[in-house]
Amino acid sequence: GTNTTPMWDGAQDARGILYMANSDGLVSFDGQRWALQRTRTPLRAVVADDYGHIFVGGLEEFGLFFPNERGALTYRSLSRMLAESAARAVRRVEGIYLAGGNVYYVDQNKAYYTAAGPQADFLTVAPIDLPGQSQGSDMAA
């Protein structure tokens, strides 16, 4: 069959592997084979760093893939590390940016960041209010 799932975003890692975010998960292509890492929600954004981390974001979720000891990609949710109320506020991450030693995930209401780099442990995630967004709850009454 033909896959008609759109690719929303793409990135290439230091090894030349292509990664695409789509509704089924993270699609990769190494020049010969396609592979799919399924995710629990559709992905809309992907960025690769020089250290083997593949940062992804999508509907109510963001995190990263990284190679395990056998080289297979393993997923770690970073949005689930937020306090429950902050995790519920994550809408749809459509932008991911590497800057100043951090990775920033940007959704419709907030940005979320954690330290990035070769020694990063990805154990702390913090929200940032975007300009023009109100402090506190973004739920309508």
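The values are calculated or read from the model by the stated rules, or taken from the named source; none is laboratory data. The structure presented is a predicted model; accordingly, all values stated were derived computationally and were not measured. In this analysis, Cβ positions are derived from the backbone assuming ideal geometry, glycine residues included, and neighbour counts consider all displayed protein chains. When the accessible area is computed, the model is the full protein with side chains, heavy atoms only, and any ligands, DNA or RNA have been set aside. Shrake-Rupley method; radii C 1.70, N 1.55, O 1.52, S 1.80 Å.
Observations on the structure shown:
- Filter result for Thr41 (in contact with a strand residue (DSSP E or B) (Cβ under 9 Å, 6 or more places away or on another chain), more than 25 Å from Gln12 (Cα to Cα), part of a loop (DSSP other than H, G, I, E, B) and among the hydroxyl-bearing types (Ser, Thr, Tyr)): no
- Cβ pairs under 7 Å, 6+ apart, first in segment 85-101 and in contact (Cβ under 8 Å) with a residue 12 or more places away in the chain and assigned to a helix (DSSP H, G or I), second among the basic types (Lys, Arg) and open to solvent by less than 50 Å² (accessible area, probe 1.4 Å): Ala89/Lys110
- Within segment 1-50, being of a type in the set (Ser, Thr, Tyr), open to solvent by less than 70 Å² (accessible area, probe 1.4 Å) and out of contact with any Leu (no Cβ under 7 Å at 6 or more places or on another chain) holds for Thr5, Ser23.
- Entry remark, segment 64-76: residues being surrounded by fewer than 22 Cβ atoms within 10 Å (Cβ to Cβ) and under 24 Å from Ala99 (Cα atoms) number 6 in total.
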